[in-house]
1. Starting from the Cα of residue 125, step 7 Å along the direction of its Cβ; do the same at residue 528; then give the gap between the two resulting points in nm.
2. Taking 0.36 nm per residue of separation and subtracting the Cα-Cα distance, what length does fully extending residue 305 through residue 44 add?
3. Where Rh is the Kirkwood radius over the Cα pairs of region 727-771, the temperature 37 °C and the viscosity 0.692 mPa s, what D in µm²/s does Stokes-Einstein return?
4. Which value in nm describes the separation of the simple spin-label points at residue 665 and residue 268, placed 7 Å from the Cα toward the beta carbon?
5. With the crude spin-label approximation of a point 7 Å out along Cα→Cβ, what separation in nm comes out for residue 714 versus residue 700?
6. At 0.36 nm per residue, minus the direct Cα-Cα distance, what do residue 805 and residue 864 gain on full extension? Give it in nm, one decimal, please.
7. Name the residues whose placed amide hydrogens come within less than 5 Å of the amide hydrogen of residue 625, ignoring near sequence neighbours (fewer than 5 apart) on the same chain.
8. Can you tell me the FRET efficiency between residue 245 and residue 725 if r is taken as the Cβ-Cβ distance and R0 is 30 Å, rounded to the nearest 0.05?
Amino acid sequence: MNRLRRLFQRRQIVKDLTNEMNAHIEEKMEELVESGMRPEEARRKVKLQFGNTSVLREKSLEVWSFSAIEAAWRDLRIAARGLRRNPLFSAICATTLALGIGANVAIFSLIQAVLLRPLPFPNADRIAMLWEVSPNEKSSSVLSVRHGQNLVSPVNYLDWRDRTHSFAAMAAIAPFPAGLSGFGEPRQIDSVGVSADFFHVLGIQPLLGRVFTRGEDVPNGPRLAVLSYGLWLQQFGGDRSVLGRNVQLNDESYTILGVMPESFNLPFAHADIWLPAQIARSAKPNEGRFMTVIAKRKAGVSKAQAAADLANVARQIARERPLLSLGWTTNIVSLYDQITGDVKTALLLLYGVVTFVLLIAAVNVANLLLMRGTQRRRELAVCAALGASRTRLMSQMLAESLLLSLAGGALGIGLASFALLEMAHSLPALGLPNVEAVHLNGTLLGFSILVCLVTTILFGLAPALSFSRANTEETLKQSNLRTTGRGVRRLRSLLVVLEMTLSLVLLVGAGLVGRSFLNQINEQRGFRTDHILTMQMFFGTARYENNNKRSRYLSDILDRVRAIPGVEAASSAHFLPMTGMVSGSGFTRADRPTPAPGTQPEADFLVVSPQYFSVMGIPLLAGRDFASQDTLGKEPAVIVNEAFAKRFFPGEDPLGKKLNLDWNIPDGVIIGVTASARQTDLTVPPNPTIFLDNVQSPFYFAGLVIRTALPPQSIAHAAETAIHAVDPDQAVSHVQSMDQLVSASVARPRLESALLGGFAVIALTLASIGLYGVLAYLVTQRTREIGIRMALGANPGRVVREVMRDGFRLLLSGIAAGLIASLFLTRLLGSLLYGVKPADPATFSLVAVTLLAIGLIACLLPARHAAAVDPVSSLRWE
């Protein structure tokens, strides 16, 4: 404890120790003087006996204190004074490091929140999503999902739940919008129908009340509801007496049973309210696949065992219901992979990119330190001549590096905080999980400190090693303080080549992702986006359960919207383009034999209203559009797209042909053929599509498309007023232009492209500055030599060529190494690219030429400075 106290009282201890030593000296002197010795001789003899008092004091202090800590603290103070004497150098180094450290902290915060944060469910490693897989991998579900993840038939889910033995609990999920009324302006909320075991699978208890039981989750059971924490606060002000009260959803009254905690949420099935699914086993098998299934494996059951168990039940179902399930298989995906699968690769690649940026920043600072170290070679040699060990010199230089790294880290954390605030506005729209957890915290601060320490080693070790082992005698003999050893020059050149290599890799990656993004937004959509307003509605099942009422209801809304001044046309589709959703089902040609079970062809289905194709600018290639004669009760009219006609009617005229549809409606006759248009995503080519008339096949929800000569948002209020004139309780949501809808569909690739491009520009800037710095310093070192040559008649153009040649050699080495590295590393970008190959020659060539051009500009500036050297001034410069 005394030693620890002395660590913070060094000045007082030194003072006391000095006084004590002086007292001993004076006492001994007095004894010698009293014995007859002259004072001057006595003082000289005492000093010879005592030796070097400074050395004695340092040895005494080592015994009384923590020498290593004091030495480190002393090194840091000396380093701070040195950096304070060179503020410009310190600011450049700190800013350079801040760019690399800040980028790392910002991206790591995303990775921590999205990938590293544990799922907030007990035994989350045993929770998985269960999917059906189509024989031809063609989705036939209401909602589009990933490859190998088709939604599940309700009847199949019941058989999975009852016949498998590997799962402790299994639940079905069916998201659907719901109109919330009775609280002022009606609004649409996210409602999710779930089976009773849903909450048991996730293992989370309600904050208030309870959840519904299996006895309540039965066909025609009680209408119950469990609120999300957000809806409880927004709609009920956090009132704890909300239990037992009723809430109006889609014109039906539901009793509130409980409230879930704030953290309870599934990113792929976000809910404001949960309702009992109440699945009936008597449901018709051809009602389609529209449910997701989540399950928890029993303890001790592996994923492989559970997959085999589920597959066995699927084979039983295929034999029992071949028309629905023959050839269909199953797939199990862990909940973690389900949540992070879409973004994991992109985030890890982004982190690789910012790591490259940090490496380039570290290399740049290492080069700056090497240059500064060259100026300090004589100073370091003097220290070594006075007894400083190599370890001591390395410690001194690493202390300087540590201070620069900490300063860069502090500035980088500030940049990361600003970046996270800016990204907070766009992250929720990207659908990333746990984005609410993206903020600075203790873990990120600890990570930042670790990055600073690693960075210190990255850029500080090479200069420290280089200058700490310099030959002291030779250094002191050199008359020119600006000379540099061959090893140091080679090291600086190697660092510049490394910068160029890393920069080219980043530029190639950014170029590929940028081209991919441009390919997406320039893809032929097949529909227009300008001057179109969209909005979405869900019709109350109670009030509009009758097909005739539902058909008439949407027609009345469209008639009123079409009468709004400035509206040129209006229509609807049950799924709007670029929302990632489409219906699908099977069909057969009525003029062909019925195919064997499991071989029935499939197509996308869209339920639209008349004028849809004219509003969306989709050309009608043959036949006619839906019209007033296509009424409910008559033979359904069907329109198909060109992709459908080419695949299923090759070389034939499809008009007038009949189709047998698995859509719970009578078979339809083809009345028209339209051009093909993309529906789910810009990267997905148009699938064969069957269009049904909403008048004849009315759906429970619709997205309105309204074409106007005015700015789309200017008629939004009038459109909502027209809707409420038909039904005051109708909720309207997602009011936006078609341009905004398409833009939102490419939000993630746009952000990926912007981030990669931004980091690549930073890397290129740092690398160019590094190249310029090395050549400029080389010219400075050779000022005397160049002056002599100029005085002897050397041509300035030759001097320029020599400096340019040195830079060009470094450039070509970096570009060659970068191209080779890019050929291997860009393969990791394959899943992010669209319409461009990872080894695209055009991108590689363009990036190489760009880097070469910018690098040559960086070389030209020092070369011109060399050519402008004044021989007289340079010969006087020592």
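Taken together, the values in this text are just the output of simple stated rules run on the coordinates, not laboratory data. Since this is a predicted model, take the numbers as computed values, not measurements. Every residue, glycine as well, gets a Cβ built from its backbone with ideal geometry; the counts of neighbours run over all protein chains shown.
1. 5.8
2. Here the segment from residue 305 to residue 44 would lengthen by 84.8 nm.
3. Values: Rh = 13.9 Å.
Reported coefficient: 236 µm²/s.
4. Roughly 3.0 nm, to one decimal.
5. Between residue 714 and residue 700, the simple spin-label model gives 3.9 nm.
6. Here the answer is 19.9 nm.
7. HN-HN under 5 Å from residue 625: empty list.
8. Efficiency at R0 = 30 Å is approximately 0.50.
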